[in-house]
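I have placed the structure first, in the form of structure tokens, so that the comments after it can refer back to it.
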Amino acid sequence: TPRFAELGVVACMQPRHAAPDIAGPGQDWAENVGPDRWHKAWPLRSLSEAGAVLALSSDWNVAEMDPMVGIHAAVTRRPPGGGEAWTAGETIDVETAVEGYTMGSAYANFLEHERGSLTVGKLADFVVLSR
């Protein structure tokens, strides 16, 4: 994962898949890649700590379009209804997840000078959340 940062590769990932109900143990994806590799999937924390840019998205229509569901999965590695976490060592904090959905995705699209953050002169839509 340090090579991502060294090479300037953007990690475009869909954190909703990091919850076990979509791709975890017992699901087709995990069975296809095998038990020696499935636990290495969606290494959000490892990539972030290595300095890679995370560009997070939903992967609609395979997973929910709602970014809050993806942020929840990135932070907890659990499905929306709760349950056991999958590869909990790869969780990221809320700030890193929001940055991945905003600034990281703008960067991946070469639009970081136009959008992705609340900065004077940039295009922006925003919401205020209570929790």
Label point distance in nm, His39-Cys12, each placed 7 Å from Cα along Cα→Cβ
3.0 nm
From the Cα centre of segment 105-123 to that of segment 36-67, the distance in Å is 21 Å
Work out how much length His113 to Glu95 would gain on full extension: take 0.36 nm times their residue separation and subtract the Cα-Cα distance, in nm to one decimal.
4.5 nm
In debye to the nearest 20, the charge dipole size for segment 1-83, taken about the Cα centre with +1 at each Lys and Arg Cβ and -1 at each Asp and Glu Cβ, equals 220 debye
Cα→Cβ-extended label distance, 7 Å offset, between Leu123 and Glu31, nm
4.3 nm
Per residue, how big is the convex hull of the chain when only Cα atoms are used? Give it in Å³.
120 Å³
Restricting to DSSP H runs of at least four residues, report the calculated mean residue ellipticity at 222 nm for the chain, -39500 (n - 2.57) per run over all residues, nearest 500 deg cm²/dmol.
-7000 deg cm²/dmol
Between Ala88, Asn61, Ser117, whose Cα lies farthest towards the positive end of the dipole of the chain when Lys and Arg beta carbons carry +1 and Asp and Glu beta carbons carry -1, centred on the Cα centre?
Ser117
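Coordinate-derived values only; no laboratory data. All values derive from a computational prediction rather than experimental measurement. Positions of Cβ are generated from backbone atoms using ideal geometry, with glycine treated the same way; all protein chains shown enter the neighbour counts.
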